[in-house]
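Only one structure is covered here, and it is reproduced in the block below.
The values are calculated or read from the model by the stated rules, or taken from the named source; none is laboratory data. Just so you know, these numbers come straight off a predicted model, no measurement behind them. So basically every Cβ, Gly included, is an ideal-geometry build from the backbone, and we count neighbours across all protein chains shown. These accessible areas exclude ligands, DNA and RNA; they are computed on the full protein's heavy atoms, side chains included. Shrake-Rupley method; radii C 1.70, N 1.55, O 1.52, S 1.80 Å.
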Amino acid sequence: MRRIAITVAAATMSVTLAGCGVLNASGSSDEASPAKGDDITVGLLLPEKANTRYETFDYPIIKRKVESLTNDKGRVEYANAEASADKQADQMQQMIDDEVDVILLDAVDSHAIASGVKKAKEAGIPVIAYDRLAEGPIDAYISFDNELVGEVQGRTLLEAIGEDVSISDKIVMMNGSPTDPNAKQFKAGALSELNGKVTIAKSYDTEGWKPENAQANMAKAIAAIGKDNIKAVYSANDSMAGGIVNALEAAGVTKLPPITGQDAELAGVQRIVSGEQYMSVYKPYPQEAENAAEMAVAKVQGRDIQFAALTRDRVDSPTDKDIPAQLVPVVALTRENIKDTVVADDIFKLSHICTGKYKSDCAAAGLK
Ligand code: BGC
């Protein structure tokens with residue numbers, strides 16, 4: 001709760017200051033003595049493409065926001081590592097060579113990229129960790145409250161099982177990539193809800209967050225536990241939930257157990273409508289991505305007050321302490337609140353969700 005209050009205060013403050021004209025977007029304010037003007041380049045390093053959020057939301061939202069903050073003079077140099085830490089190291093080196101003004105980094109491997117972060121800093125390029133907390137001398141971090149994500153997933157899974165939940169209920173846990181610090185936080189948050197209430201019969205870390213790896217691990221879990229003995233499946237995100245559904249269906253399961261997810265991907269939301277997936281976690285991307293863009297531009301333009309207002313939380317990484325941060329809150333997404341979340345925020349229109357075979361499910365769920 002404390003973190004949430006801080007986040008809201010930060011967002012409000014930045015709006016207020018911008019409204020007073022003290023910190024306007026053009027760099028012409030007297031109070032702020034910008035290091036650079038609008039003609040800036042923001043380097044953006046995103047980790048993969050298999051999960052749709054990066055190319056559907058994060059990149060386009062950041063690009064638009066950087067442009068609007070710089071009178072269309074600023075640009076985003078974007079590279080996607082496609083789940084390869086080596087590729088991301090090369091992409092980061094390229095951005096250092098290109099002398100971008102600031103780097104937003106969503107690390108494939110938060111530990112391995114630390115030397116790249118150090119090189120960027122030595123070249124005078126600030127690095128802001130985006131979504132995943134990279135190690136090394138970063139200037140700031142922006143993400144969602146990732147432990148809360150796991151708690152929300154665990155709690156909602158217990159709700160789905162219902163009041164007769166028992167320690168003899170067998171759960172499969174499909175966690176994210178071991179090189180992503182978020183995955184550890186999702187897992188810890190979920191376990192804080194599940195431990196002592198159900199039995200974690202099988203638990204896997206999923207290399208590269210790849211849906212096909214989740215599917216293969218789920219097939220192993222079914223073979224070990226038995227297809228009719230799985231009470232529920234904790235899946236750390238939506239695209240892995242897709243792989244898990246495939247594995248269960250391939251094993252001949254007709255009544256799917258409750259399955260969790262995260263990201264509110266279109267396919268995940270559609271599975272929620274049809275009942276193949278119980279829940280997802282809606283993470284308001286515009287808030288994370290737009291605030292990241294504001295942080296990057298404020299940093300480059302020397303707007304220290306605005307930067308401080310955007311980063312009023314503090315986190316520790318394995319290498320650095322008291323990193324200025326912003327942690328955005330999240331909500332559980334179930335069939336009941338699709339309209340109040342992703343539709344209300346204009347992430348999807350009902351006409352996107354309720355296509356083809358989902359039309360009748362939407363009608364049955366009152367989604368019109
Ligand atoms: C992100 C999730 C995403 C996962 C796989 C995590 O770091 O926070 O939103 O599903 O990576 O890309």
Yes or no: segment 235-243 includes at least one residue that is in contact with a helix residue (DSSP H, G or I) (Cβ under 9 Å, 6 or more places away or on another chain) and away from the ligand (no atom under 13 Å from the Cβ).
no
In segment 242-257, which residues are surrounded by 15 or more Cβ atoms within 10 Å (Cβ to Cβ) and free of Cβ contacts under 8 Å to residues at least 40 places away in the same chain?
Gly242, Gly243, Val245, Asn246, Ala247, Leu248, Ala251, Val253, Leu256, Pro257
Given the options Ile113, Ile103, Ile96, name the one that is more than 21 Å from Tyr54 (Cα to Cα) and hydrophobic (A, V, I, L, M, F, W, C).
Ile96
Here are some conditions: (1) more than 12 Å from the ligand (Cβ to nearest atom); (2) in contact (Cβ under 8 Å) with a residue 24 or more places away in the chain. Asn195 meets all but one. Which one does it not meet?
(2)
Limited to segment 258-268, what total is found for residues that are within 14 Å of the ligand (Cβ to nearest atom) and either in a helix (DSSP H, G or I) or open to solvent by 20 Å² or more (accessible area, probe 1.4 Å) (or both)?
3
Go through (1) within 14 Å of the ligand (Cβ to nearest atom); (2) at positive phi for Gln287 and report which single condition fails.
(2)
Within segment 154-181, take every residue that is of a type in the set (A, V, I, L, M, F, W, C) and in contact with a helix residue (DSSP H, G or I) (Cβ under 9 Å, 6 or more places away or on another chain) and give me the one that is most open to solvent (accessible area, probe 1.4 Å).
Val165
Here are the criteria: (1) out of contact with any Asp or Glu (no Cβ under 8 Å at 6 or more places or on another chain); (2) more than 27 Å from Pro178 (Cα to Cα). Tell me which single one Ala236 does not satisfy.
(2)
Hey, any hits in segment 182-190 for a residue that's surrounded by fewer than 23 Cβ atoms within 10 Å (Cβ to Cβ) and away from the ligand (no atom under 13 Å from the Cβ)?
yes
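Residue by residue, here is whether (1) among the charged types (D, E, K, R); (2) under 17 Å from Lys202 (Cα atoms) holds:
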| position | (1), (2) |
| --- | --- |
| Ala223 | no, yes |
| Asp228 | yes, yes |
| Ala247 | no, yes |
| Thr254 | no, no |
| Pro257 | no, yes |
| Asn291 | no, no |
| Met295 | no, no |
Whether any residue in segment 191-211 is in a strand (DSSP E or B) and of a type in the set (Lys, Arg) is what I want to check.
yes
Checked segment 305-322 for anything more than 19 Å from the chain's Cα centre (by Cα) and in contact (Cβ under 8 Å) with a residue 60 or more places away in the chain; matches are Ile305, Gln306, Phe307, Ala309, Arg312, Pro318, Thr319, Asp320
Residue selected from segment 130-153 under the condition touching a Ser or Thr at 6+ places or on another chain (Cβ under 7 Å) and not in a strand (DSSP E or B), by the criterion surrounded by the most Cβ atoms within 10 Å (Cβ to Cβ):
Ala134
Is there any pair linking a residue in segment 45-72 that is within 12 Å of the ligand (Cβ to nearest atom) to one that is β-branched (Val, Ile, Thr), with Cβ under 8 Å and at least six apart or on different chains, and which?
Pro47/Val108; Glu48/Val108; Phe57/Ile347
If a residue must be touching a Gly at 6+ places or on another chain (Cβ under 9 Å), part of a helix (DSSP H, G or I) and open to solvent by 30 Å² or more (accessible area, probe 1.4 Å), how many such residues does segment 69-90 contain?
1
Exclusive hit being more than 16 Å from the ligand (Cβ to nearest atom) and hydrophobic (A, V, I, L, M, F, W, C), set Val149, Val102:
Val102
Is segment 169-176 home to any residue that is without any contact (Cβ under 8 Å) to a residue 60 or more places away in the chain, assigned to a loop (DSSP other than H, G, I, E, B) and over 28 Å from His111 (Cα atoms)?
no
Checklist (1) open to solvent by less than 10 Å² (accessible area, probe 1.4 Å); (2) touching a Gly at 6+ places or on another chain (Cβ under 8 Å); (3) in a loop (DSSP other than H, G, I, E, B) applied to Met218, failing item
(3)
